Amino acid sequence: MSPRWHWSELLVQYPLCQIVTVGLGSGRVATSRVPLYYTHRDGTDFVAGHIARVNPHWKLWAEPSVTVCLIDGAHAYVSPESYAVPSAVPTWNYCTATLHGEPQVMDATEAVDSLLSSLAVFDPKLRSTIGPTERAFYERARRAIVPFQIAITRAELKEKVSAARSMADQDGIRADLARRGGADDYLAMLDWLAGLPAAEQSAPQE
């Protein structure tokens, strides 16, 4: 069954991603939390962002390495007591995407444009106020960051939301989560998924 959504839709809602890089020769591993945004050019999907220059993660991209970006959507614990017949083990529901690709460090002159592009996505009101004076500030700030983009070569989408359960059980899960509290994000994600076409009607995703 093909996914009902493209990973970029999840990224818009949960942009703070975990980037993991493993050096194939050195065996070194680097992990960083980085807000990423989506772009599409010439038939290729990209994520882009910037990382602090003092963070050694980006230096690992100069050697043969493998990089994945993990988009963590909402998640929630599901108690067996949610079900009409509670003879089941506890479980955890979630929605995630794992992106595979090759990072490319952008030229230093592109750092300001990278910063402003991220602002346009994450804080458009602030972006609209930036004029020549403010741009000069970002010109100075660019020395502290390393802008990059990753061309996505493969995406793995995973959606575990008790879809195989009866409607009575699914309603019970919602009611139990609402009663216990702390799962508003997950319940909102369920509402988003409920508004999507059925999986068999959507185009296959890689």
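If you take all other residues with their beta carbon under 14 Å from the beta carbon of GLU81, and give Lys and Arg +1 and Asp and Glu -1, the sum is +1.
Considering only ALA178, SER162, PRO147, the residue lying farthest towards the positive end of the dipole of the stretch 130-192 is PRO147, judged by Cα position with unit charges set on Cβ. Rg over Rh for the stretch 49-96 works out to 1.33, using Cα positions for both radii and the Kirkwood form for Rh.
If you add up the charges near ARG165, with Lys and Arg at +1 and Asp and Glu at -1, over every other residue whose beta carbon is less than 13 angstrom from its beta carbon, what do you get?
Values: positive: LYS160, ARG174; negative: ASP169, ASP171, ASP176.
Neighbourhood net charge equals -1.
I need the shape label for the chain. Rule: rounded when a/c is under 1.5, else prolate if a/b > b/c, else oblate, with a, b, c from the alpha carbon gyration tensor. Prolate shape, in that a/c is at least 1.5 and a/b is the bigger ratio.
Only Cα sites of the stretch 147-187 enter the Debye sum here, all with the same form factor; the resulting log10 I(q)/I(0) across q = 0.18 1/Å is -0.64, listed in q order. Most tightly packed first, judged by the mean number of other beta-carbon atoms within 10 Å of their residues, the peptides 180-187, 85-92 read 180-187, 85-92.
May I ask you to order 155-163, 39-47 by the average number of other C-beta atoms within 10 Å around their residues, highest value first? Let's see the in-between values first.
On the way: 155-163: 16.3, 39-47: 12.8.
Packing proxy ranking, top to bottom: 155-163, 39-47.
With contributions of -39500 (n - 2.57) from each DSSP H run of at least four residues, the per-residue ellipticity at 222 nm computed over the chain stands at -8500 deg cm²/dmol. Of the peptides 12-20, 121-129, the ranking by mean beta-carbon count within 10 Å, highest at the top, reads 12-20, 121-129.
Kindly identify the stretch 105-206 as rounded, prolate or oblate by the Cα gyration tensor criterion: order the square roots of the eigenvalues as a ≥ b ≥ c, call it rounded if a/c is under 1.5, otherwise compare a/b with b/c, prolate if a/b is larger, else oblate. Write out the running numbers ahead of the final one.
Working: a/c = 3.51, a/b = 2.12, b/c = 1.65.
Judged from the Cα gyration tensor, the stretch 105-206 comes out prolate (a/c at least 1.5, a/b above b/c).
Taken together, the values in this text are just the output of simple stated rules run on the coordinates, not laboratory data. No experiment lies behind these values; they were computed from the predicted model shown. Note that we place each Cβ from the backbone using ideal geometry, even for glycine, and neighbour counts take in every protein chain shown.
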